């Protein structure tokens, strides 16, 4: 295949500081990155919008922040700069964010097989760190520049060929949300016939978890806003619990095998009450607030197991690619936007009036 002629500059969005949407700067003069040894250059077709983009921009990962993602203000963002990255370290700014990517390999670094040129690929969001240490990872769009631009570079081993008739926008909705959801289910070893309760079920990760848990043969209980119940049932939820102040009050104690939690917040103790003895709790989000009240007696007297789920073994993403190619899961794209409209996309994301994923078109 003939190597395409590449431009010297590209359009992209830089995060220049922590806080409001004014910290997102759309530029048309960014240099196109060059792939180093073992790397590939991706022409980005589409990139999904995720909670982690918002969390990083506003500094929510900082230990100085204790409230919900919707509650942080500019003063907290200023205080959070010292540990605003998800790993508890400062973010190197400016940074091109974006951890979802569907695109095409258009240039190769030294040592990469020429056969890979032209491949349509999905990029793994949570990538193994160069150190190779267990649970040591780096994230596309956090530790290095990501997909909110026309081009980005990654290690060739983190770009996975995809053979699908789905559109670029549809494919870009999968990597972060669906790999996070699959990892939650993988770590908790969800099996056929088990009762799984999913909080935040109408969001990107939550709606993915509904599909993926149903794919495993689980009985799926989804917590979401009442007006989104029909959409969740179409995705496979067997039961929908309306998200209210006392949403879980009528759910019997010891009636759930696995809780997949993306919300945390004030109702968190009830999640442990509804788990059966020997049940499992898996978490990868806390949009309602990261600080919760734990009665340690509930943990040990019920023999519960907790899974914090960030690191993802590579098999999780390989499995996801297989599910997509075999048509076992489907994308749920609520809306797409031009890259230049990233601020509007993030405003819509934070308003939470949609089910599924929002995606940016980058070309």
In whole angstrom, the spacing between the Cα centers of segment 254-311 and segment 196-232 equals 17 Å
Once you have the Cα-Cα distance between residue 314 and residue 250, take 0.36 nm times their residue separation minus that, and quote the gain in nm to one decimal. 19.2 nm
Relative exposure of 102, 153, 224, judged by other C-beta atoms within 10 Å (fewest first): 153, 224, 102
Express as a percent, rounded to the nearest 5, the fraction of DSSP beta bridges in the chain (both residues included) that run antiparallel. 55 percent
Find the Cα radius of gyration of segment 171-218, compare it with 2.2 N^0.38 Å by division, and give the number to two decimals. 1.04
Label-point separation, residue 8 to residue 351 (7 Å along Cα→Cβ), nm: 4.2 nm
Over every pair of different alpha-carbon atoms in segment 317-362, take the mean of 1/r and invert it; report that Kirkwood radius in Å. 12.0 Å
Simple SL model, points at 7 angstrom along Cα→Cβ for residue 325 and residue 306; separation in nm is 3.9 nm
By average Cβ neighbour count within 10 Å, what is the ranking of 34-44, 327-337, 110-120 from highest down? 34-44, 327-337, 110-120
Measuring from label point to label point, each 7 Å out along Cα→Cβ, what is the residue 64 to residue 192 span in nm? 5.2 nm
Ascending count of other beta-carbon atoms within 10 Å, so fewest first, for 246, 9, 186: 246, 9, 186
Using alpha-carbon pairs under 8 Å, 6+ residues apart, how would you state the relative contact order of the chain in percent? 18 percent
Find the relative contact order for segment 181-308 and round it to a whole percent, using C-alpha pairs within less than 8 Å whose residues are 6+ positions apart. 23 percent
I'm checking a number: the convex hull volume of the Cα atoms of the chain, normalised per residue, in Å³. What is it? 129 Å³
Tail weight of P(r) past 23 Å, computed on alpha-carbon pairs of segment 181-308, percent: 21 percent
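Every read-out reported here was derived from the displayed coordinates using simple, explicitly stated rules and does not represent laboratory data. What you are looking at is a predicted structure, and each value in this text was computed from that prediction instead of being measured. Cβ coordinates were reconstructed from backbone atoms using ideal geometry, including for glycine residues, and neighbour counts include every protein chain displayed.
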